[in-house]
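Enquirer: Please read through the structure below; I'll follow up with questions.
Read-outs: derived from the displayed coordinates by stated rules, not from any lab. Not measured: the values here are computed from a predicted model. Because the Cβ atoms are built from the backbone with ideal geometry, glycine has one as well, and the counts that use them run over all protein chains shown.
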Amino acid sequence: MKKAISLLASAIIVGGSTQIYAEEEKKETKESLEKKLEVNQDEQEKITKEIEALDLDIQEIQKKIEDTNNQIVSLDSEIESLTRKSEDLKIEIEKNEELLGERIKVMESNSSLGYLEVILSSESISDLFDNIYMVKQVVEQDRELLKTLNDNKSELENNKKTVESKKKEVESLRVSLENNNKTLNDNKAKLEELKLKLEQEENELEKEIEELTKQIVLSDEQIGVISSGSWPVPGISRISSPYGYRIHPIFGVQKMHTGIDIPAPTGTPAVAIDDGVVIFAGVQRGYGNTLMIQHDDGKVSLYAHNSSLVVSKGDRVQKGQVVTRIGSTGNSTGPHLHFEIRINGKHTNPMPYIK
Ligand SMILES: [Zn+2]
C-alpha cells in the first residue's frame with residue numbers, strides 16, 4: 001500500500017496528463033482497498049459467529065462441570081454417612097462381642113463347676129437343665145445378633161466402596177470436562193486475538209480509504225463532475241462532530257464518523273441541498289427517521305435522526321425545500337442532524353458539497 005501511494009505521489013508531481021492517470025490509479029487502489037475491507041469484515045463476521053458458537057459450548061461444559069461438582073458433593077455426604085453408620089456398627093459389634101465373651105465365660109465357669117456343684121446349686125435336675133439351656137439359648141441369640149451386625153457392617157462397607165468408586169468416576173469425568181473447557185477457552189482466546197488483528201486492519205483500511213477518498217473528491221471537484229449544493233440547516237452553521245475518525249459518543253470506541261453532525265433544536269427544518277428525488281423515507285437502524293435524496297448529478301444526500309420526515313419516497317424535491325425536521329431518533333445523544341453525502345454508494349466528506 002505505501003508503495004502504491006508513493007508511486008501515485010510521484011505521478012502527480014510529473015504533470016497534467018499524468019495527473020488524470022494517477023487519479024485513475026487512486027480510484028483503483030481505493031477499490032482494491034474497499035474489496036480488502038469487505039473481505040476483512042466478512043472474516044470478522046465469521047469469527048464472531050465462531051466465538052458465539054464456542055461460548056455456547058463453553059456454557060454447556062461449565063454446566064456439566066457444575067453438575068459433576070454437585071454429584072461429588074452428594075457422593076461425599078453419602079460416603080460420610082456410610083462411614084458414620086459403619087463406625088456406629090463397629091461400636092455396637094464391640095459391645096456385643098464383650099457381652100458375649102462375658103456370657104461364654106460365665107457358661108464355661110459354670111460348666112467347670114463340675115456336675116455335683118451344678119446339681120447342688122440347682123433346686124432340681126430339671127431346674128439345672130433349664131439353667132444350662134437358658135444360658136446356651138442367650139449365647140446362641142448373641143451369636144446370631146453379632147453375625148447380623150457383622151453382615152450389616154460388611155454390606156455397608158461394600159456400599160461405601162461402590163460409592164467411592166462412583167466418586168472416582170465422576171472425578172475423572174470432571175477432569176476431562178475441565179480439559180475440554182480449557183481447550184475451548186484457548187480456541188476462543190485465539191479467535192479473539194485474530195479478531196482484534198482484523199479490527200486493527202479494518203481501522204487502517206478505513207483510514208487509507210478515507211484519505212484516498214478525500215484526494216479523489218478534491219480532484220473530482222476540480223474536474224467539476226459533482227455540483228455543490230446548499231447548507232442543509234438554514235441559520236445554523238455549527239458542526240458538533242466532523243466527518244472522519246472520532247471516539248463514538250455512545251460506544252466509546254474509535255469509529256469512522258460517516259457524516260457531519262449539526263446540532264439544532266427538535267423541529268428545526270432541514271432543507272434539500274440540491275434538486276433530486278427522494279429514494280428513501282423511513283426508519284433505519286441506528287439512523288432513526290432517515291431521508292435519502294438522489295440528486296441529479298448522482299450524489300446522494302442522507303438526513304438522519306429526524307423527528308419527522310416532510311417528504312415521501314418518490315417525491316421530487318428542489319434545492320432549499322424543507323424535507324425533514326431535526327430530532328434525536330435512532331442512536332443519538334441529543335437533537336441534531338447527521339448529514340451524509342454518498343457517491344457511488346460510498347460515504348465521503350460532505351463539506352465540499354454543502355457550501
Ligand atoms: Zn453523526
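Enquirer: What is the distance, in nm, between label points placed 7 Å from the Cα along the Cα-to-Cβ direction at Lys64 and at Ser328?
Expert: Spacing of the two 7 Å Cα→Cβ label points: 5.0 nm.
Enquirer: Another one. Taking 0.36 nm per intervening residue step and subtracting the Cα-Cα distance, what contour gain separates Val138 from Lys90 on full extension?
Expert: In short, 15.2 nm is gained.
Enquirer: Between Leu146 and Glu43, what is the label-to-label distance in nm when each label sits 7 Å out along the Cα-to-Cβ direction?
Expert: 8.3 nm
Enquirer: Ranked by Cβ crowding within 10 angstrom, fewest neighbours first, how are Ile239, Ile79 ordered?
Expert: Sorted ascending by nearby Cβ count, the order is Ile239, Ile79.
Enquirer: Enumerate lysine pairs in the range 227-355 that are 8 or more residues apart or on different chains, then count those whose Cα atoms are under 17 Å apart.
Expert: For the range 227-355, the number of qualifying lysine pairs is 6.
Enquirer: Can I ask one more? Please name whichever of Val277, Ile341, Gly229 sits farthest to the positive end of the charge dipole of the range 227-355, dipole taken about the Cα centre and charges placed at Cβ: Lys and Arg +1, Asp and Glu -1.
Expert: Ile341
Enquirer: Additional query: Provide Tyr303, Tyr245 in ascending order of the number of other Cβ atoms located within 10 Å of each residue's Cβ, fewest first.
Expert: Going from sparsest to densest Cβ surroundings: Tyr245, Tyr303.
Enquirer: Right, another one. Which of Ile260, Ile58 comes first, and how do the rest follow, when ranked by fewest Cβ neighbours within 10 Å?
Expert: Taking fewest neighbouring Cβ atoms as first place, the list is Ile58, Ile260.
Enquirer: Sorting check: for 194-203, 285-294, which peptide has the highest mean count of neighbouring beta carbons within 10 Å, and how do the rest follow?
Expert: By packing density, highest mean first, the sequence is 285-294, 194-203.
Enquirer: Sum up the charges of everything whose Cβ sits under 13 Å from the Cβ of Lys188, counting Lys and Arg as +1 and Asp and Glu as -1, but leave Lys188 out.
Expert: My count for the surroundings of Lys188 gives -3.
Enquirer: Then there is this: Per Stokes-Einstein, at 20 °C and 1.002 mPa s, what whole-number D in µm² s⁻¹ belongs to the range 227-355, with the Kirkwood radius over Cα pairs as the hydrodynamic radius?
Expert: Reported coefficient: 151 µm²/s.
Enquirer: Give me the net charge of Glu171's neighbourhood, meaning all other residues with Cβ under 11 Å from the Cβ of Glu171; Lys, Arg count +1, Asp, Glu -1.
Expert: Cβ neighbours under 11 Å give a net charge of 0.
Enquirer: Mind checking which aspartates and glutamates have their Cα closer than 12 Å to the Cα of Lys207? Skip sequence neighbours fewer than 8 apart in that chain.
Expert: Within reach: Glu34.
Enquirer: Additional query: Under 26 Å Cα to Cα from Lys64, which lysines show up? Leave out anything in the same chain fewer than 8 places away.
Expert: Lys49, Lys160, Lys161, Lys166, Lys167, Lys168, Lys182, Lys188, Lys190
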